[in-house]
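Participant: Dropping the structure in here first, questions after.
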Amino acid sequence: MDCIKTDIGVKISGVKDLDLAQTLDCGQSFRWVENDSGFYGIAFEREVVMRLEGTDLYIDNCDEKDFEIIWKDYLDLNLDYGKIRKELSELHPILKEAGEYASGIRILRQEPWEALCTFIISQNNNIKRIKGIVARLCESFGDRVGSGYSFPTAERLAELTPDDLAPLRAGFRNKYIIDAARKVAGGEVNLEKCRALPYDEARSELMKIKGVGVKVADCALLFGLHRIEAFPVDVWMKRALEKLFPDMTPSDFGEYAGIAQQYIFHYSRMHPELFN
């Protein structure tokens, strides 16, 4: 990949295995909005617009340094997804089909606290409503970044009470958000430590937080800490496994289970006729 400066940002040529819609709007992150210019979003206190033309990725409001230290990692561009997809394809013919269909999905390397908090919000919720709650959370308690707002830190939210979050209209999740913020800000839950802990221990660390069960912990580990062995199972994924992979369990998908999960999730969501 080559990164060169443009009048309004940077252009990265030679990008493979990336579809911005599949990656940014598939339920990994809830802060990206597609408009006429591309995908607008804020991460790591940077506001950018991304668009893809063939194998050329354009990131507006970005320089070469920010691409190297933020966005290359955020989009996981250093990982060879073509090679991984080939390995996964050998596990099952339907996974091969799903991988080909969702070949542009990459696992975002999000800020760990943001991923944990947004997946707490995601419980028993739909993507449109999650995005609304997350937007109100940022507008209410984040800092101004360009035309939008940063994601509020755990330290900022730890100063609040569940009642302070009432304007978010997040309901029962308010108390879970505050408990998570206080435990992360106070050091009782160490997110960075979860990058290297044995997987079950990392999951247990996150489950110290009220309202964080196995599925939310797995999502936080996969999308916030890049534990790509994670395989979150919700009602939809349970149904997909039972229908499409009846003889397999999450552990059967191996070290790249999280990538397989995203292929299966997107493929299943876009092919509802498979479940009739």
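The values are calculated or read from the model by the stated rules, or taken from the named source; none is laboratory data. Small disclaimer: the values here were computed from a predicted structure and weren't measured. Don't worry about glycine lacking a Cβ; one is built from the backbone with ideal geometry, like all the others, and counts go over all protein chains shown.
Participant: Let me spell it out: the conditions are (1) under 12 Å from W113 (Cβ atoms); (2) surrounded by 15 or more Cβ atoms within 10 Å (Cβ to Cβ), and G211 meets all of them except one. Which number is the exception?
Facilitator: (1)
Participant: Moving on. Test of understanding: among D252, D200, D234, D247, which residue is modelled with pLDDT under 95 and farther than 22 Å from G27 by Cβ?
Facilitator: Within the list D252, D200, D234, D247, the selection yields D247.
Participant: In region 234-245, which residue that is of a type in the set (A, V, I, L, M) and either without any contact (Cβ under 8 Å) to a residue 24 or more places away in the chain or touching a strand residue (DSSP E or B) at 6+ places or on another chain (Cβ under 8 Å) (or both) is farthest from I94 (Cα to Cα)?
Facilitator: Of region 234-245, the ones of a type in the set (A, V, I, L, M) are 235, 237, 240-241, 244.
This time we only want the ones that are either without any contact (Cβ under 8 Å) to a residue 24 or more places away in the chain or touching a strand residue (DSSP E or B) at 6+ places or on another chain (Cβ under 8 Å) (or both), so: 235, 241.
Details: V235: 19, L241: 11 Å.
Per the criteria, the residue is V235.
Participant: Further question: Testing A181 on (1) in a helix (DSSP H, G or I); (2) small (G, A, S); (3) free of Cβ contacts under 8 Å to residues at least 40 places away in the same chain, one condition comes back false. Which one is that?
Facilitator: In the conditions (1) in a helix (DSSP H, G or I); (2) small (G, A, S); (3) free of Cβ contacts under 8 Å to residues at least 40 places away in the same chain, A181 misses (3) alone.
Participant: So how many residues does region 194-204 have that are free of Cβ contacts under 8 Å to residues at least 24 places away in the same chain and either surrounded by 13 or more Cβ atoms within 10 Å (Cβ to Cβ) or under 12 Å from I120 (Cβ atoms) (or both)?
Facilitator: Residues meeting the conditions: 3.
Participant: If you don't mind, another one. Within region 46-59, identify whether any single residue is among the hydroxyl-bearing types (S, T, Y), more than 25 Å from M270 (Cα to Cα) and crowded, with 16+ Cβ neighbours inside 10 Å, and answer yes or no.
Facilitator: The answer is yes, given that some residue of region 46-59 is among the hydroxyl-bearing types (S, T, Y), more than 25 Å from M270 (Cα to Cα) and crowded, with 16+ Cβ neighbours inside 10 Å.
Participant: Still on this structure: Looking only at region 204-222, count every residue that is within 17 Å of P250 (Cα to Cα) and of a type outside the set (V, I, T) and tell me the total.
Facilitator: Our first condition is that a residue be within 17 Å of P250 (Cα to Cα); within region 204-222, this holds for 213-222.
Keeping just the survivors that are of a type outside the set (V, I, T) gives 213, 215, 217-222.
Summing the residues that are within 17 Å of P250 (Cα to Cα) and of a type outside the set (V, I, T) in region 204-222 gives 8.
Participant: For region 43-55, does any single residue satisfy the condition of being under 14 Å from R109 (Cβ atoms) and among the polar types (S, T, N, Q)?
Facilitator: No, region 43-55 has no match at all.
Participant: Can you run down the residue pairs with Cβ atoms below 8 Å, 6 or more apart or on separate chains, where the first is in region 66-80 and under 16 Å from Q22 (Cβ atoms) and the partner is at pLDDT below 95 and not acidic (D, E)?
Facilitator: L77/M1
Participant: Hey, another quick one. Does any residue of region 67-89 turn out to be surrounded by fewer than 17 Cβ atoms within 10 Å (Cβ to Cβ), within 30 Å of C3 (Cα to Cα), of a type in the set (A, V, I, L, M, F, W, C) and over 19 Å from the mean Cα position of the chain (by Cα)?
Facilitator: No: region 67-89 contains no residue that is surrounded by fewer than 17 Cβ atoms within 10 Å (Cβ to Cβ), within 30 Å of C3 (Cα to Cα), of a type in the set (A, V, I, L, M, F, W, C) and over 19 Å from the mean Cα position of the chain (by Cα).
Here's the yes/no breakdown for (1) among the acidic types (D, E); (2) outside any loop (DSSP other than H, G, I, E, B); (3) out of contact with any strand residue (DSSP E or B) (no Cβ under 7 Å at 6 or more places or on another chain); (4) free of Cβ contacts under 8 Å to residues at least 60 places away in the same chain:
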residue: C3; (1), (2), (3), (4): no, yes, no, no
residue: K11; (1), (2), (3), (4): no, yes, no, yes
residue: K16; (1), (2), (3), (4): no, no, yes, no
residue: T23; (1), (2), (3), (4): no, yes, yes, no
residue: G27; (1), (2), (3), (4): no, no, yes, no
residue: F30; (1), (2), (3), (4): no, no, yes, no
residue: E34; (1), (2), (3), (4): yes, yes, yes, yes
residue: F39; (1), (2), (3), (4): no, yes, no, yes
residue: I42; (1), (2), (3), (4): no, yes, no, no
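Participant: Mind checking which residues of region 112-144 are assigned to a loop (DSSP other than H, G, I, E, B) and under 18 Å from E155 (Cβ atoms)? Explain how you work it out, then say what you get.
Facilitator: Keep residues of region 112-144 that are assigned to a loop (DSSP other than H, G, I, E, B), which gives 122-126, 142-143.
If the condition is that a residue be assigned to a loop (DSSP other than H, G, I, E, B) and under 18 Å from E155 (Cβ atoms), then G142, D143 are the ones that fit.
Participant: What single numbered condition from (1) assigned to a loop (DSSP other than H, G, I, E, B); (2) under 22 Å from T118 (Cβ atoms) fails to hold for D7?
Facilitator: Of everything listed in (1) assigned to a loop (DSSP other than H, G, I, E, B); (2) under 22 Å from T118 (Cβ atoms), D7 misses just condition (2).
Participant: Also, quick follow-up: Any idea which of A185, A180, A158 is surrounded by 16 or more Cβ atoms within 10 Å (Cβ to Cβ) and within 21 Å of the chain's Cα centre (by Cα)?
Facilitator: Checking each option against the conditions leaves just A180.
Participant: Quick check on E100: is it surrounded by fewer than 18 Cβ atoms within 10 Å (Cβ to Cβ) and not in a loop (DSSP other than H, G, I, E, B)?
Facilitator: yes
Participant: Related question: From A257, A240, which residue is within 27 Å of L77 (Cβ to Cβ) and either assigned by TED's automatic domain parsing to the domain that holds N124 or not β-branched (V, I, T) (or both)?
Facilitator: Working: A240 fails: within 27 Å of L77 (Cβ to Cβ).
Going through A257, A240 in turn, just one is within 27 Å of L77 (Cβ to Cβ) and either assigned by TED's automatic domain parsing to the domain that holds N124 or not β-branched (V, I, T) (or both): A257.
Participant: Looking at region 4-17, can you tell me whether even one residue there is within 23 Å of R269 (Cβ to Cβ), modelled with pLDDT of 95 or more and under 19 Å from the mean Cα position of the chain (by Cα)?
Facilitator: Yes.
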